[in-house]
Amino acid sequence: MGMSKTRWRMVASLALTMVFSIASVAKEKDTSPGRLLTGKVLDSGDSPLPNAVVYVTDTRTRAVKTFIVGPDGVYRFPALASNVDYEVYAQVDGKSSDTKKLSQFDDRKVVSIVLKIGK
């Protein structure tokens, strides 16, 4: 016993509608701006450390992004993927901060991390 042509067209139409709906949801998720990682690089006295270099490493691909802070010690890494763990640290004059982690399970859209470098 076969399926009638009308019923077959209805099933095929429903299947196509579901595929396009799923593709639409996936596309919306892909276009999200992601997370913003921001913060300051400070010395042991809580003063900004200008010209420090902040390194952010994608732990999945090992790709590294860098940012040179200005006089205020502030750094920004916009549009980081929300499904990836990152490691962040700063360096200035041959000294480094501790490495901090940004977890994919941290669901905040804006994450602020202070990096301290003792002098």
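If you go through the stretch 101-115 and keep only what is free of Cβ contacts under 8 Å to residues at least 12 places away in the same chain and either within 15 Å of Val53 (Cβ to Cβ) or not in a loop (DSSP other than H, G, I, E, B) (or both), you end up with nothing.
As a summary of the residue check, Ala15 satisfies the conditions (1) modelled with pLDDT of 95 or more; (2) out of contact with any Phe, Trp or Tyr (no Cβ under 9 Å at 6 or more places or on another chain) except for the one numbered (1).
The values are calculated or read from the model by the stated rules, or taken from the named source; none is laboratory data. As the structure is a computational prediction, the values presented were derived from the model and not from experiment. A quick note on method: Cβ atoms are made from the backbone with ideal geometry, for glycine too, and the neighbour counts reach across all protein chains shown.
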